[in-house]
Amino acid sequence: MSARVGIGLIGLGTVGTGVAKILLANAAVISRRVGVPIEIVRIADLDVTKDRGLALPPGVLTTDAKQILNDPSIDIVVELVGGYDFPKRIILDAIAAGKHVVTANKALLALHGEEIFAAASRQGVDIGFEASVGGGIPVIQALREGLAANTIQSIYGIINGTANYILSRMTSEGQSFNAVLGDAQQAGYAEADPTFDVAGIDSAHKLAILVALAYGTPVNFKEVYTEGITHITPLDIAYAKEFGCTIKLLGIAKLVGNEVEARVHPTMLSASSPLAQVDGVYNAIQLVGDAVGDVVLYGRGAGSMPTGSAVVSDLIAISRNLLTGAVGRVPPASFPQEQRRSLRMRPIEEISSLYYLRFMVLDRPGVLSQIAGELGRCGISISSVLQQGRRDGQTVPVVIKTHMAMERDVQAALRAINQQAFIAEPTTLIRVEGQDE
Ligand code: NDP
Ligand code: HSE
């Protein structure tokens with residue numbers, strides 16, 4: 001083994017710059033931990049003239065990623081470009097060239113992880129993707145190793161910093177969704193397309209990765225139910241407070257028999273629950289194992305240095321494997337390829353939950369009993385009702401919380417109720433977790 005591990009970095013943007021800064025600033029401690037230095041051999045980016053505050057040796061920067069793939073002195077290729085086609089080609093070419101790969105690209109892994117993991121296994125190279133979920137939080141390591149003794153019963157994650165930042169500010173300041181979105185973008189947390197953050201797609205990408213690792217199953221991304229936060233209003237947040245709850249965008253996975261629920265949606269959580277305390281760009285993931293019980297991991301879910309920290313932790317793990325001849329010790333998707341089994345993803349219609357329903361109705365006699373009647377006809381039991389104010393003939397909110405009900409039944413009831421003349425706008429549905437049935 002050579003006296004150093006050589007790395008090639010492709011993409012010197014927010015995360016790439018963080019990675020380079022950490023490798024340069026912490027070179028001594030990293031070298032002591034690994035036993036040899038981890039050296040940046042080449043960095044490829046479209047713009048090599050921009051000042052990124054890095055003191056790099058001359059000749060490191062290039063605009064041509066192929067120079068990294070073709071360089072025999074590079075052991076590990078780090079893909080930090082983002083997107084689909086180009087990074088997929090880079091990663092598969094790197095694997096084919098016998099290089100180990102580190103990526104933060106959750107979108108790519110959620111859609112093409114199977115192909116990439118299979119290629120890495122076939123070729124006998126390591127692939128690290130700690131930064132793909134939860135930024136600086138070591139949740140991939142926890143699932144692949146720390147909790148490997150357990151059957152993972154459930155996962156609850158605040159895994160999008162942008163959405164959590166928006167909901168936190170809506171909660172603390174009573175602001176509208178649109179008023180705080182721009183601030184989150186300016187802070188550099190949002191994806192290139194912020195729709196991914198606010199429509200739940202980024203959380204769904206991350207949840208798909210966690211599910212694949214936790215349950216050893218391939219995940220068809222289209223089967224992850226995905227709902228965002230754009231319809232959440234200050235009114236819902238105020239009602240949540242009245243119920244002693246907080247609204248969070250959660251990624252939820254549950255093992256139910258031989259099936260898996262995987263869903264992303266705004267969720268009302270009891271204000272005293274650990275995830276309800278997580279504010280701003282912070283992420284947290286609560287993993288429930290049959291042996292260990294609850295484990296909660298908390299930290300910065302985005303940003304240059306926290307995400308860079310996760311990328312560098314992968315570089316250190318792979319370097320150690322290289323030095324000790326332990327490459328492939330931990331399979332990419334946590335289970336050896338031949339041990340993976342396809343589990344059925346339970347469609348959202350088949351889940352059971354508690355529900356918060358906000359009806360906007362014309363304030364006139366009999367409306368509440370008609371709503372309650374329809375819910376009853378669909379087998380849904382009510383646990384509490386809130387109707388405040390009296391504005392005869394005008395629109396008022398009627399808020400109902402249900403006992404445990406099946407999603408299919410709730411949707412059927414809402415279809416019928418939403419057609420009624422007294423309904424002024426489509427009903428808001430928010431699923432509730434962690435409260436008594
Ligand atoms: P950025 O857009 O900041 O950085 C991407 C960089 O790659 C840019 O400098 C871009 O140049 C460069 N690039 C684009 N095409 C090429 C190419 N063909 N060859 C070489 N370089 C190229 O993205 P981020 O750093 O924010 O994200 C990188 C990855 O990390 C993404 O997959 C993202 O989802 C993931 N991630 C990001 C987090 C964050 O907090 N930002 C957190 C966790 C994961 P140019 O700007 O000129 O196009
Ligand atoms: N856009 C993502 C977020 C970046 O806001 O969490 C981290 O994956």
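The values are calculated or read from the model by the stated rules, or taken from the named source; none is laboratory data. All values reported here derive from a predicted model rather than from experimental measurement. Counting neighbours? That spans all protein chains shown, and the Cβs are built from the backbone with ideal geometry, glycine included. All accessible areas refer to the heavy atoms of the entire protein, side chains included, with ligands and DNA or RNA removed. Shrake-Rupley method; radii C 1.70, N 1.55, O 1.52, S 1.80 Å.
For Ala333, all conditions in the list (1) open to solvent by less than 30 Å² (accessible area, probe 1.4 Å); (2) aliphatic (A, V, I, L, M); (3) assigned to a strand (DSSP E or B); (4) modelled with pLDDT under 95 hold save one; what is the number of the exception?
Condition not satisfied by Ala333: (3).
Specify which of the listed residues (Asp314, Asp279) is outside any strand (DSSP E or B) and either away from ligand 1 (no atom under 16 Å from the Cβ) or of a type in the set (Gly, Ala, Ser) (or both). Walk me through how you get there before you give the answer.
Details: Asp314 fails: either away from ligand 1 (no atom under 16 Å from the Cβ) or of a type in the set (Gly, Ala, Ser) (or both).
Within the list Asp314, Asp279, the selection yields Asp279.
Quick check on my filter: what residues within the range 203-220 are of a type outside the set (Lys, Arg) and within 15 Å of ligand 1 (Cβ to nearest atom)? Show your work before the answer.
Filtering the range 203-220 for residues of a type outside the set (Lys, Arg) gives 203-205, 207-220.
Passing the criteria: Ser203, Ala204, His205, Leu207, Ala208, Ile209, Leu210.
Pairs needed: first member in the range 165-192, of a type in the set (Asp, Glu); second member anywhere, within 12 Å of ligand 2 (Cβ to nearest atom); C-beta distance under 6 Å; at least 6 residues apart or different chains.
Glu191/Asp197; Glu191/Asp202
Only residues that are open to solvent by less than 10 Å² (accessible area, probe 1.4 Å) and either under 25 Å from Val180 (Cβ atoms) or of a type in the set (Phe, Trp, Tyr) (or both): list them for the range 277-292, please. Give the derivation first.
Restricting attention to the range 277-292, the residues satisfying the condition of being open to solvent by less than 10 Å² (accessible area, probe 1.4 Å) are 278, 283-285, 287, 289.
Of everything in the range 277-292, those that are open to solvent by less than 10 Å² (accessible area, probe 1.4 Å) and either under 25 Å from Val180 (Cβ atoms) or of a type in the set (Phe, Trp, Tyr) (or both) turn out to be Val278, Asn283, Ala284, Ile285.
Scan the range 252-266 and report the pairs whose first residue is over 12 Å from Tyr225 (Cβ atoms) and whose second residue is in a loop (DSSP other than H, G, I, E, B) and not β-branched (Val, Ile, Thr), with Cβ atoms within less than 6 Å and a gap of 6+ or a chain change.
Taking only residues 6 or more apart or on different chains, the pairs are Glu259/Arg346.
Is there a residue in the range 121-132 that is among the charged types (D, E, K, R), without any contact (Cβ under 8 Å) to a residue 24 or more places away in the chain and either within 16 Å of ligand 1 (Cβ to nearest atom) or open to solvent by 20 Å² or more (accessible area, probe 1.4 Å) (or both)? Spell out the reasoning first.
So in the range 121-132, the residues among the charged types (D, E, K, R) come out as 122, 126, 130.
From the residues that got through so far, the ones that are without any contact (Cβ under 8 Å) to a residue 24 or more places away in the chain too are 122.
Next cut, either within 16 Å of ligand 1 (Cβ to nearest atom) or open to solvent by 20 Å² or more (accessible area, probe 1.4 Å) (or both) only: 122.
Yes - at least one qualifying residue is present in the range 121-132.
Has the range 205-216 got any residue that is open to solvent by 20 Å² or more (accessible area, probe 1.4 Å), over 21 Å from Gly135 (Cβ atoms), touching a residue at least 12 places away in the same chain (Cβ under 8 Å) and touching a strand residue (DSSP E or B) at 6+ places or on another chain (Cβ under 9 Å)? I'd like the intermediate steps shown before the answer.
Step one: list which residues in the range 205-216 are open to solvent by 20 Å² or more (accessible area, probe 1.4 Å), which gives 215.
From the residues that got through so far, the ones that are over 21 Å from Gly135 (Cβ atoms) too are 215.
Now drop any that are not touching a residue at least 12 places away in the same chain (Cβ under 8 Å), which leaves 215.
Pick out the ones that are also touching a strand residue (DSSP E or B) at 6+ places or on another chain (Cβ under 9 Å) and you get 215.
Within the range 205-216, one or more residues are open to solvent by 20 Å² or more (accessible area, probe 1.4 Å), over 21 Å from Gly135 (Cβ atoms), touching a residue at least 12 places away in the same chain (Cβ under 8 Å) and touching a strand residue (DSSP E or B) at 6+ places or on another chain (Cβ under 9 Å).
Would you confirm whether or not the range 135-158 contains a residue that is among the aromatic types (Phe, Trp, Tyr), within 14 Å of ligand 1 (Cβ to nearest atom) and crowded, with 24+ Cβ neighbours inside 10 Å?
Within the range 135-158, the subset among the aromatic types (Phe, Trp, Tyr) is 156.
Applying the additional criterion that residues be within 14 Å of ligand 1 (Cβ to nearest atom) yields none.
No; the residues of the range 135-158 include none that is among the aromatic types (Phe, Trp, Tyr), within 14 Å of ligand 1 (Cβ to nearest atom) and crowded, with 24+ Cβ neighbours inside 10 Å.
Identify the residue in the range 356-377 that is out of contact with any Pro (no Cβ under 6 Å at 6 or more places or on another chain) and under 12 Å from Leu414 (Cβ atoms) and, among all such residues, is most open to solvent (accessible area, probe 1.4 Å).
My answer is Glu374.
If I filter the range 169-202 down to residues being in contact with a Phe, Trp or Tyr (Cβ under 9 Å, 6 or more places away or on another chain) and either assigned to a helix (DSSP H, G or I) or more than 16 Å from ligand 1 (Cβ to nearest atom) (or both), which single residue comes out as most open to solvent (accessible area, probe 1.4 Å)?
Checked the range 169-202; the qualifying residue most open to solvent (accessible area, probe 1.4 Å) is Asp183.
For the range 1-119, list the helices (runs of 4 or more DSSP H) that sit wholly inside it and hold at least 2 residues that are within 28 Å of Gly200 (Cβ to Cβ) and within 16 Å of ligand 2 (Cβ to nearest atom); which are they? Let's see the steps before the verdict.
Numbers: elements: 14-25, 27-34, 66-69, 85-96.
Passing ranges, in order: 14-25.
In the range 62-112, which residues are open to solvent by 20 Å² or more (accessible area, probe 1.4 Å), without any contact (Cβ under 8 Å) to a residue 24 or more places away in the chain and touching a helix residue (DSSP H, G or I) at 6+ places or on another chain (Cβ under 9 Å)?
Listed by number, the list holds a single entry, Lys66.
Just to verify a result, which residue in the range 25-61, among those that are of a type in the set (Lys, Arg) and either more than 16 Å from ligand 1 (Cβ to nearest atom) or open to solvent by 70 Å² or more (accessible area, probe 1.4 Å) (or both), is modelled with the lowest pLDDT?
The first filter runs over the range 25-61 and keeps only residues of a type in the set (Lys, Arg), leaving 32-33, 42, 50, 52.
So of that shortlist, the ones also either more than 16 Å from ligand 1 (Cβ to nearest atom) or open to solvent by 70 Å² or more (accessible area, probe 1.4 Å) (or both) come out as 32-33, 50.
Details: Arg32: 98, Arg33: 98, Lys50: 94.
That would be Lys50.
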